[in-house]
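Student: Submitted below is the structure of interest, expressed as structure tokens.
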Ligand code: SF4
Ligand code: SF4
Ligand code: FES
């Protein structure tokens, strides 16, 4: 795949061409002080602060908050079913995602394909192009470098843009989907703007990235978790957790969902919607028995699933270190601190 | 309908062919595939489960209670307890409903050839076992002694009453039915007592025998030590876990016990396997 250099000021022009080509574009938009992914129709709508982390992750492009699994229609005793055509999923561009957003699609894809194939997710992902921007700032909640990522990491990106101090932007095209997006602006992504593999721009990129030394390694965490099931740490850490589920909803790798009915008389849909292991009802049996009866057991599930079960079963870690869960938590459950303390036990 | 994408959440449409009221609040539905081609291609093995749905109400997880040796239909037995099971209970013969499956692992029946089989079931947990029992009885010569100990709260709560009678009359099946103290009727000929106590009383030999135990958690909890005392090894004791499930295919994230997914790695586990798992069931 090719790499290019364009001017910072050309980025909006490229985005305009993408919008004009009929792609649905979602990008960070600031409303009343909160920045989140929203559909946009012009580059002017995109949040001015180009380092700000959105509240929610980009997973919604391939795994929406609620989606139709199929619809049904009852006539007399008979039922007919209809399911969404993949063509009805819009070609979507996620503009200015972060590398930790892009990294989240690796564990998500692992969950949705480790055994049975979830072709609803797959069809949406195939129609999603991720344009990530390298991070030049990290905040106190970020820890991508501790879980195998980084502020300039390309994994999972279709395109990675790094704004360089010189006023240039290094555009790394990583996939065919990325190429198709570059092809929408042939004037910008021309031979003349191509960047050779040994270009000094890559060194410039490195120096432009946020500095974020790793605090632990995911292997350390996993090793500690192997013996931690009965540890008092779960109760200690979860004492203040409200079980609100916000952490799961904002997470780029959380894939737990519920299946629900949306009936309208004789017809309706079956939908799936985000769910969270933090909810008491998540595992409760009809009899009232609950295998995870306390917030401590639910917090343990969250951590073990992401850092122990997923690595073992899916060869993927369920965390990209984006820090969203900690930013969203109403009682400041700080995942970085909790993991650091587990790694130091 | 054309399957535009292979959608694992899209159920088969089934016609309710026969409804049997088994006990108060407990029904068995016999379902036929609306599309004969789907019926032709459908295969499952004993122990597997499925998602059954009443459109407009939602989906519910039960084992497939009919044996794979009986082709063309599937059966489920359930107790009316919530929105979906109430919806399923309201269905009438001839109406259509949804069925998604089969999912999960199976009882390793092929490995049991030549062995004696001891079935211990409590209450509404006879269905997962019934599938195995009929599967075994349909191939009777391949197995040793078949002993069934089945307990329910009261005489009225016993399910599959006709089949119990049939098994009772067969010379090649040892059936013991029991009801909890106080649940008997004046003409009750079976035993009175909790299932684990009856198991202890019957004291089947562990020699070359596999035990299959399904029932409410307390019944399982108290039956395991009895089996142990009788000399059953942990890898000769099989049970099923009934964690809450939604997707059935290892995605929705709610059925796991430690690193194992009940919907994928289960629902059938040996006691030896359970010993190595955290108590999340
Ligand atoms: S667990 Fe928290 S830090 Fe890790 S990916 Fe999810 S939201 Fe980000
Ligand atoms: S966001 Fe915070 S309070 Fe809410 S469930 Fe997650 S950890 Fe608990
Ligand atoms: S039932 Fe959904 S993961 Fe097991």
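Student: Write out, first by first residue and then by second, each pair whose Cβ atoms fall under 6 Å of each other, whose residues are 6+ apart or on separate chains, and whose first residue, in the stretch B:253-272, is at the interface with chain A (Cβ under 8 Å from one of its Cβ atoms) and at positive phi while the second is assigned to a loop (DSSP other than H, G, I, E, B) and within 16 Å of ligand 1 (Cβ to nearest atom).
Tutor: B:253/A:256
Student: Kindly indicate the residue of the stretch A:291-311 that is within 9 Å of chain B (Cβ to nearest Cβ) and free of Cβ contacts under 8 Å to residues at least 24 places away in the same chain and also nearest to ligand 2 (Cβ to nearest atom) among those meeting that condition.
Tutor: A:292
Student: Is it the case that the stretch B:204-215 has a residue that's under 20 Å from residue B:177 (Cα atoms) and within 14 Å of chain A (Cβ to nearest Cβ)?
Tutor: Looking for residues that are under 20 Å from residue B:177 (Cα atoms) and within 14 Å of chain A (Cβ to nearest Cβ), one finds at least one in the stretch B:204-215, hence yes.
Student: Given the criteria part of a loop (DSSP other than H, G, I, E, B) and modelled with pLDDT of 95 or more, does residue B:9 qualify?
Tutor: It is true that residue B:9 is part of a loop (DSSP other than H, G, I, E, B) and modelled with pLDDT of 95 or more.
Student: OK, next. Within 16 Å of ligand 3 (Cβ to nearest atom), at pLDDT below 95 and surrounded by fewer than 23 Cβ atoms within 10 Å (Cβ to Cβ), is that true of residue A:284? Outline the logic, then answer.
Tutor: On the way: within 16 Å of ligand 3 (Cβ to nearest atom): yes; at pLDDT below 95: yes; surrounded by fewer than 23 Cβ atoms within 10 Å (Cβ to Cβ): yes.
Yes; evaluated as a whole, the condition is true for this residue.
Student: Kindly indicate whether residue A:289 is out of contact with any strand residue (DSSP E or B) (no Cβ under 6 Å at 6 or more places or on another chain), farther than 24 Å from residue A:57 by Cβ, surrounded by fewer than 17 Cβ atoms within 10 Å (Cβ to Cβ) and modelled with pLDDT of 95 or more. I'd like the intermediate steps shown before the answer.
Tutor: Values: out of contact with any strand residue (DSSP E or B) (no Cβ under 6 Å at 6 or more places or on another chain): yes; farther than 24 Å from residue A:57 by Cβ: yes; surrounded by fewer than 17 Cβ atoms within 10 Å (Cβ to Cβ): yes; modelled with pLDDT of 95 or more: no.
Against the criterion (out of contact with any strand residue (DSSP E or B) (no Cβ under 6 Å at 6 or more places or on another chain), farther than 24 Å from residue A:57 by Cβ, surrounded by fewer than 17 Cβ atoms within 10 Å (Cβ to Cβ) and modelled with pLDDT of 95 or more), residue A:289 does not qualify.
Student: Taking the criterion of being facing chain B (nearest Cβ under 9 Å) and assigned to a helix (DSSP H, G or I), would at least one residue in the stretch A:319-337 satisfy it?
Tutor: Looking for residues that are facing chain B (nearest Cβ under 9 Å) and assigned to a helix (DSSP H, G or I), one finds none in the stretch A:319-337, hence no.
Student: Where the second residue is outside any helix (DSSP H, G or I) and the first is without any contact (Cβ under 8 Å) to a residue 12 or more places away in the chain and lies in the stretch B:188-206, which pairs have Cβ atoms under 8 Å and are six or more apart or on separate chains?
Tutor: What qualifies is B:201/B:191; B:201/B:193.
Student: Take the stretch A:261-281 and flag every residue that is free of Cβ contacts under 8 Å to residues at least 40 places away in the same chain and within 16 Å of ligand 3 (Cβ to nearest atom).
Tutor: A:275, A:276, A:277, A:279, A:281
Student: Let me ask you something else. I want to confirm something. Restricting to the stretch A:109-135 and keeping residues that are touching a residue at least 40 places away in the same chain (Cβ under 8 Å), more than 9 Å from chain B (Cβ to nearest Cβ) and in contact with a helix residue (DSSP H, G or I) (Cβ under 6 Å, 6 or more places away or on another chain), which single residue is farthest from ligand 3 (Cβ to nearest atom)?
Tutor: Once the filter is applied, the top-ranked residue is A:129.
Student: Report, by residue number, each residue of the stretch A:60-70 that is crowded, with 18+ Cβ neighbours inside 10 Å and away from chain B (no Cβ under 14 Å).
Tutor: A:60, A:61
Student: So, one more: What is the number of the single condition among (1) within 11 Å of chain B (Cβ to nearest Cβ); (2) within 30 Å of residue A:165 (Cα to Cα) that residue A:102 does not meet?
Tutor: It fails just one condition, (1).
Student: Can you go through B:98, B:82, B:56 and tell me which one is in contact (Cβ under 8 Å) with a residue 60 or more places away in the chain, farther than 17 Å from residue B:22 by Cβ and within 12 Å of another protein chain (Cβ to nearest Cβ)?
Tutor: Working: B:82 fails: in contact (Cβ under 8 Å) with a residue 60 or more places away in the chain; B:56 fails: in contact (Cβ under 8 Å) with a residue 60 or more places away in the chain.
Exactly one of B:98, B:82, B:56 is in contact (Cβ under 8 Å) with a residue 60 or more places away in the chain, farther than 17 Å from residue B:22 by Cβ and within 12 Å of another protein chain (Cβ to nearest Cβ), namely B:98.
Student: While we're looking at this one, here's another question. If the requirement is being surrounded by fewer than 23 Cβ atoms within 10 Å (Cβ to Cβ) and over 19 Å from the mean Cα position of the chain (by Cα), which of these qualifies: B:221, B:264, B:229, B:271?
Tutor: On the way: B:221 fails: over 19 Å from the mean Cα position of the chain (by Cα); B:264 fails: over 19 Å from the mean Cα position of the chain (by Cα); B:271 fails: over 19 Å from the mean Cα position of the chain (by Cα).
It is B:229.
Student: Please find, among A:150, A:167, the residue that is modelled with pLDDT under 95 and farther than 25 Å from residue A:91 by Cα. Before you say what the answer is, go through the steps one by one.
Tutor: Values: A:150 fails: modelled with pLDDT under 95.
The unique qualifying residue is A:167.
Student: Next up: Any residue at all in the stretch B:18-33 that's in a loop (DSSP other than H, G, I, E, B) and within 13 Å of another protein chain (Cβ to nearest Cβ)? Step through it out loud before you land on a result.
Tutor: Filtering the stretch B:18-33 down to residues in a loop (DSSP other than H, G, I, E, B) leaves B:24-25.
Then drop every residue that is not within 13 Å of another protein chain (Cβ to nearest Cβ), which leaves B:25.
Checking the stretch B:18-33: at least one residue is in a loop (DSSP other than H, G, I, E, B) and within 13 Å of another protein chain (Cβ to nearest Cβ).
Student: Helices (runs of 4 or more DSSP H) wholly in the stretch A:148-260 with at least 2 residues that are within 14 Å of chain B (Cβ to nearest Cβ) and within 15 Å of ligand 1 (Cβ to nearest atom) - which ones? Reasoning before the result, please.
Tutor: Details: elements: A:176-182, A:201-208, A:218-225, A:233-238, A:246-250.
By residue number, A:218-225, A:246-250.
Student: Can you tell me which residues in the stretch A:71-93 are in contact with a helix residue (DSSP H, G or I) (Cβ under 6 Å, 6 or more places away or on another chain) and more than 7 Å from chain B (Cβ to nearest Cβ)?
Tutor: Filtering the stretch A:71-93 for residues in contact with a helix residue (DSSP H, G or I) (Cβ under 6 Å, 6 or more places away or on another chain) gives A:86, A:89, A:92-93.
Matches in the stretch A:71-93: A:89, A:92, A:93.
The values are calculated or read from the model by the stated rules, or taken from the named source; none is laboratory data. Note that the structure is predicted; figures quoted are calculated from it, not measured. With ideal geometry, Cβ positions are generated from the backbone for all residues, glycine too; neighbour counts draw on all protein chains shown.
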